[in-house]
1. Among the residues of the stretch 64-75, are any farther than 27 Å from residue 96 by Cβ and either of a type outside the set (Phe, Trp, Tyr) or touching a strand residue (DSSP E or B) at 6+ places or on another chain (Cβ under 7 Å) (or both)?
2. Condition check: within 13 Å of the chain's Cα centre (by Cα), exposed (fewer than 13 other Cβ atoms within 10 Å of the Cβ) and either part of a loop (DSSP other than H, G, I, E, B) or of a type in the set (Phe, Trp, Tyr) (or both). Does residue 33 satisfy that?
3. Looking at the stretch 39-96, which of its residues are farther than 23 Å from residue 15 by Cβ, of a type outside the set (Ser, Thr, Tyr) and touching a Pro at 6+ places or on another chain (Cβ under 8 Å)?
4. Working carefully through the options 20, 41, find the one that is surrounded by 11 or more Cβ atoms within 10 Å (Cβ to Cβ), of a type in the set (S, T, N, Q), closer than 30 Å to residue 87 by Cα and without any contact (Cβ under 8 Å) to a residue 40 or more places away in the chain.
5. Output the residues belonging to the stretch 58-96 that are at pLDDT 90 or above, aromatic (Phe, Trp, Tyr) and either exposed (fewer than 11 other Cβ atoms within 10 Å of the Cβ) or part of a loop (DSSP other than H, G, I, E, B) (or both).
6. From the list 28, 47, exactly one residue is loosely packed, with under 13 Cβ neighbours inside 10 Å and more than 17 Å from residue 91 (Cβ to Cβ). Which is it?
Amino acid sequence: MEGGTVFHFVDATPQEALRQAREAADGLDVRIGGGPTTVRQFLAEDLVDHLHVAVVPIVLGRGERLWDGLEGLEQRFRVESVTTPSGTTHLTFTRP
């Protein structure tokens, strides 16, 4: 992409995908993208240092739940919450 951003799509375990991403990044930050299932897998394997989640006040009534099976997550991270005038809440999880 313009500016040098590169996306790689892999079919691998979270550990292997992260290993490949770190190798490709050559010391730069690595960002993981995906839906709730992908994020949940990386969180469950304790492979996330920083997580930003934007919660938009729209009720759709279906979809995947992000937090299922991640009880105690808040004990591993410092959690900050900021709500904007539009109603969007930004949750930031950062390793202490």
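1. For the stretch 64-75, residues farther than 27 Å from residue 96 by Cβ and either of a type outside the set (Phe, Trp, Tyr) or touching a strand residue (DSSP E or B) at 6+ places or on another chain (Cβ under 7 Å) (or both): present.
2. In short, yes.
3. Answer for the stretch 39-96, where residues must be farther than 23 Å from residue 15 by Cβ, of a type outside the set (Ser, Thr, Tyr) and touching a Pro at 6+ places or on another chain (Cβ under 8 Å): 63, 65, 78, 87.
4. Working: 20 fails: closer than 30 Å to residue 87 by Cα.
The match here is 41.
5. 77
6. Numbers: 47 fails: loosely packed, with under 13 Cβ neighbours inside 10 Å.
Criteria check complete, one pass: 28.
The values are calculated or read from the model by the stated rules, or taken from the named source; none is laboratory data. Computed from a predicted structure; not experimentally measured. We place every Cβ from the backbone using ideal geometry, glycine too, and count neighbours over all the protein chains shown.
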